[in-house]
Amino acid sequence: MKVLEKGRAQYRKIKNKIKTCSFCDPKVIKQQSVKSLEGKYWLVFANKYPYLDGNLMLIPKRHICQLEDLNTEEQSEFFKLLEKSKKALGRLFETDSFNCGINIGQYSGCSIAHIHWQLLPRRKYTQNACNIIHDLHIITMDHHELIKKLNRIK
Ligand SMILES: [Zn+2]
């Protein structure tokens, strides 16, 4: 078993130094995008600095920082991709439990202004571990491995 929590800790150290939008950076998009889940208006990223195994992010392709700036096509496609991503994670992690959320604004804990939903599959053992040892997350799968596994799901 690999423990990759050091990546999240590393990210916390550099996040305030990032001046450009990572989600608009073609290099970042190439590294983290899950092509099999992508839509016309949305990217689906395997989080390079995951909160838990299987952490995906749904990100509009346009640089949008406020929910009200999403147009009707983007709003409509979001729920389709959320369902598609949830289904793929559900098959991969053998669960029907998920967390899905968004941080909006400077004081919300959001580190990148470009809006993005976090989607996390939850399994019984993970929930129990979080309840017993609060704030401890063991990451066993990096984003490359997650992308590879999700792209294999039909
Ligand atoms: Zn952006």
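The values are calculated or read from the model by the stated rules, or taken from the named source; none is laboratory data. Quantities reported herein were computed from a predicted structural model and do not represent experimental measurements. Heads up, the Cβs are rebuilt from the backbone with ideal geometry, glycines too, and the neighbour counts pull from every protein chain shown.
Results, tabulated for the structure shown:
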item	result
Residue in segment 40-70 that is farthest from Ser111 (Cα to Cα), counting only those that are more than 16 Å from the ligand (Cβ to nearest atom) and either of a type in the set (Gly, Ala, Ser) or surrounded by fewer than 17 Cβ atoms within 10 Å (Cβ to Cβ) (or both)	Lys40
Any hit, segment 20-38, residues being out of contact with any helix residue (DSSP H, G or I) (no Cβ under 6 Å at 6 or more places or on another chain) and modelled with pLDDT under 70	no
Residue tally, condition polar (S, T, N, Q) and more than 15 Å from the chain's Cα centre (by Cα), over segment 45-70	1
Restricting segment 22-39 to residues that are within 17 Å of Gln118 (Cα to Cα) and not in a helix (DSSP H, G or I), the residue that is nearest to the ligand (Cβ to nearest atom)	Ser33
In segment 92-112, residue surrounded by the fewest Cβ atoms within 10 Å (Cβ to Cβ) [restricted to those that are closer than 23 Å to Lys40 by Cβ and within 16 Å of the ligand (Cβ to nearest atom)]	Ile102
Identity of the residue in segment 71-91, under 15 Å from the mean Cα position of the chain (by Cα) and touching a residue at least 40 places away in the same chain (Cβ under 8 Å), that ends up surrounded by the most Cβ atoms within 10 Å (Cβ to Cβ)	Ser85
